[in-house]
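The values are calculated or read from the model by the stated rules, or taken from the named source; none is laboratory data. What you see is a predicted model; the values in this text were computed from it and never measured. Cβ atoms come from the backbone with ideal geometry, glycine included; neighbour counts cover every protein chain shown.
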């Protein structure tokens with residue numbers, strides 16, 4: 001996935017920049033993922049997992065796939081946020097490309113600074129640049145503050161999402 005990076009980000013606390021994530025960023029990215037109530041349970045460890053190998057493998061797979069772009073937002077040279085942008089081809093909407101945003105996180109010290117808004121706005125601009133007709137994301141139903149944040153940015157509630165944990169059941173078979 002070719003992009004114009006790094007790019008400048010404006011925040012209320014001063015300038016930042018977005019750049020492609022590199023493997024050396026993995027510990028900081030994992031710390032961002034673990035730094036909230038839901039992430040703390042999914043990314044076991046305190047404050048982050050001691051075994052980074054699964055994350056390093058996942059990073060390598062994401063980084064090698066041109067349909068994915070994992071970025072970090074830096075402020076004063078420090079990783080302060082992240083997101084993953086994925087371009088999805090499909091038949092619906094007359095064969096339109098869609099962009100999916102995943103894993104949006106901003107470090108606690110940078111929340112309410114405008115960094116998250118700048119980062120998601122950058123993702124929307126990048127998706128447009130790549131010819132996408134739609135930018136979509138999912139967020140956990142319990143993340144009420146995140147819902148307000150995305151609605152302020154112009155996202156509309158449009159779908160009901162479902163997930164099937166593959167380690168706990170099979171489609172069509174009752175759990176139990």
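Some points to look at:
- Failed item in (1) in contact with a helix residue (DSSP H, G or I) (Cβ under 6 Å, 6 or more places away or on another chain); (2) under 26 Å from residue 11 (Cβ atoms), with residue 118 passing the rest: (1)
- When 113, 117 are checked against the criterion of being under 17 Å from residue 149 (Cα atoms), surrounded by 13 or more Cβ atoms within 10 Å (Cβ to Cβ) and modelled with pLDDT of 95 or more, 117 stands alone in meeting it.
- Of all the listed residues (116, 81), the sole one being part of a helix (DSSP H, G or I) and under 13 Å from the mean Cα position of the chain (by Cα) is 116.
- Any hit, segment 140-150, residues being surrounded by fewer than 13 Cβ atoms within 10 Å (Cβ to Cβ), in contact with a helix residue (DSSP H, G or I) (Cβ under 8 Å, 6 or more places away or on another chain), outside any helix (DSSP H, G or I) and at pLDDT 90 or above: no
- Odd one out for residue 29 among (1) surrounded by 14 or more Cβ atoms within 10 Å (Cβ to Cβ); (2) closer than 19 Å to residue 143 by Cβ; (3) without any contact (Cβ under 8 Å) to a residue 40 or more places away in the chain: (3)
- Count of residues meeting criterion [surrounded by fewer than 16 Cβ atoms within 10 Å (Cβ to Cβ) and either farther than 23 Å from residue 10 by Cβ or touching a residue at least 60 places away in the same chain (Cβ under 8 Å) (or both)] in segment 121-135: 5
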